[in-house]
Amino acid sequence: MKIVYRHLLGRSLVVALRKRLTAAMAVVALLAAVLTGTAAGTASAAPQAAPVAAAEASPGWVCPGTPIPPGYVITSRAANGCNGAGAWYMQPAQDGIWICATSPIPPGYVLTLHTANGCNSNIDTWFMQLARDGQWVCAGSPIPTGYVLTGHISTGCGNIGIWFQQVARAGQYICPGVPIPPGFRTGAFNASMCGGLGGWLLLSA
């Protein structure tokens with residue numbers, strides 16, 4: 001009887017120890033999941049790091065791959081910086097500034113001039129300005145909200161082409177492929193508009 005009792009007691013202790021070990025392992029796994037953001041429902045609910053605001057950043061040299069804060073642009077390159085990887089100089093965006101081809105273009109700005117030998121490294125550089133009504137912009141320039149392109153010259157902006165940008169108004173002919181601003185629709189097509197590319201009549205929606 002004593003042998004059977006001891007045997008049962010030993011088994012119960014083993015079961016209890018196994019349960020405690022399993023519970024401890026579950027706690028460890030849960031903590032690891034929470035800390036790494038892999039727990040179910042945790043990754044999507046975890047607060048994301050807010051982007052660095054322009055006011056919190058400062059001009060200076062950064063290495064390749066460094067996120068550029070909102071409102072900042074890249075204006076120069078030092079080929080020997082960052083241990084030979086090349087460093088980029090970032091500074092706040094402003095009206096009338098040359099930016100490197102790798103630079104972000106903040107909302108509300110357009111590209112109006114181009115040179116293939118700028119940025120202190122003989123690479124493409126663009127002249128960035130605030131968007132205005134009645135402005136020639138280079139091919140590939142952003143089209144700010146509320147603006148349309150109404151004319152085209154293929155030899156402008158260093159022979160890459162320029163487009164005439166205007167605030168959207170009913171009665172204009174807009175070039176093919178131009179996004180239609182909210183509150184407008186297109187009507188008749190005129191093949192002679194937009195420097196011979198054709199244009200669509202812009203009407204109020």
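The values are calculated or read from the model by the stated rules, or taken from the named source; none is laboratory data. All values reported here derive from a predicted model rather than from experimental measurement. Glycine also receives a Cβ, built like all others from the backbone with ideal geometry; neighbour counts cover every protein chain displayed. We work out accessible area using only protein heavy atoms, side chains counted, and drop any ligands, DNA or RNA first. Shrake-Rupley method; radii C 1.70, N 1.55, O 1.52, S 1.80 Å.
Filter the range 124-139 down to the residues that are closer than 21 Å to Val73 by Cα and open to solvent by 50 Å² or more (accessible area, probe 1.4 Å), then identify the one that is modelled with the lowest pLDDT. Ranking the candidates gives Asp124 first. Taking the criterion of being free of Cβ contacts under 8 Å to residues at least 40 places away in the same chain, surrounded by 17 or more Cβ atoms within 10 Å (Cβ to Cβ) and of a type in the set (Gly, Ala, Ser), the only residue of the range 140-152 that qualifies is Ser141. Can we say Gly156 is open to solvent by less than 60 Å² (accessible area, probe 1.4 Å), over 15 Å from Val137 (Cβ atoms) and not β-branched (Val, Ile, Thr)? Taking the combined requirement at face value, the residue does not satisfy it. Of all residues in the range 123-136, those that are among the basic types (Lys, Arg) and in contact with an Asp or Glu (Cβ under 7 Å, 6 or more places away or on another chain) total 0.
Within the set Pro70, Pro64, the sole residue that is assigned to a loop (DSSP other than H, G, I, E, B), of a type outside the set (D, E, K, R) and within 26 Å of Gln165 (Cα to Cα) turns out to be Pro70. Scan the range 92-110 for residues that are in a loop (DSSP other than H, G, I, E, B), under 26 Å from Thr155 (Cβ atoms) and either open to solvent by less than 20 Å² (accessible area, probe 1.4 Å) or free of Cβ contacts under 8 Å to residues at least 12 places away in the same chain (or both) and the total you get is 1. Is there a residue in the range 115-122 that is in contact (Cβ under 8 Å) with a residue 24 or more places away in the chain, in contact with an Asp or Glu (Cβ under 9 Å, 6 or more places away or on another chain) and surrounded by fewer than 13 Cβ atoms within 10 Å (Cβ to Cβ)? Checking the range 115-122: at least one residue is in contact (Cβ under 8 Å) with a residue 24 or more places away in the chain, in contact with an Asp or Glu (Cβ under 9 Å, 6 or more places away or on another chain) and surrounded by fewer than 13 Cβ atoms within 10 Å (Cβ to Cβ).
Per the conditions (1) touching a strand residue (DSSP E or B) at 6+ places or on another chain (Cβ under 8 Å); (2) at pLDDT 95 or above, the sole criterion not satisfied by Pro107 is (1). Residues in the range 79-91 that are free of Cβ contacts under 8 Å to residues at least 12 places away in the same chain and open to solvent by less than 40 Å² (accessible area, probe 1.4 Å): there are none. Taking the range 111-176 as the region of interest, the strands (runs of 3 or more DSSP E) fully inside it that hold 2 or more residues being farther than 24 Å from Pro92 by Cα and out of contact with any Pro (no Cβ under 9 Å at 6 or more places or on another chain) are 147-153, 162-167. For the structure I just gave you, tell me whether Gln48 is modelled with pLDDT of 95 or more, farther than 27 Å from Tyr173 by Cβ and in a loop (DSSP other than H, G, I, E, B). Here the answer is no, as Gln48 does not meet what is asked. If you take the residues of the range 159-185 that are of a type in the set (Val, Ile, Thr) and open to solvent by 60 Å² or more (accessible area, probe 1.4 Å), which of them is farthest from the chain's Cα centre (by Cα)? Restricting to residues being of a type in the set (Val, Ile, Thr) and open to solvent by 60 Å² or more (accessible area, probe 1.4 Å), the top hit is Ile160. Only residues that are among the aliphatic types (A, V, I, L, M) and within 22 Å of Ala87 (Cα to Cα) were counted across the range 108-150, and they come to 3.
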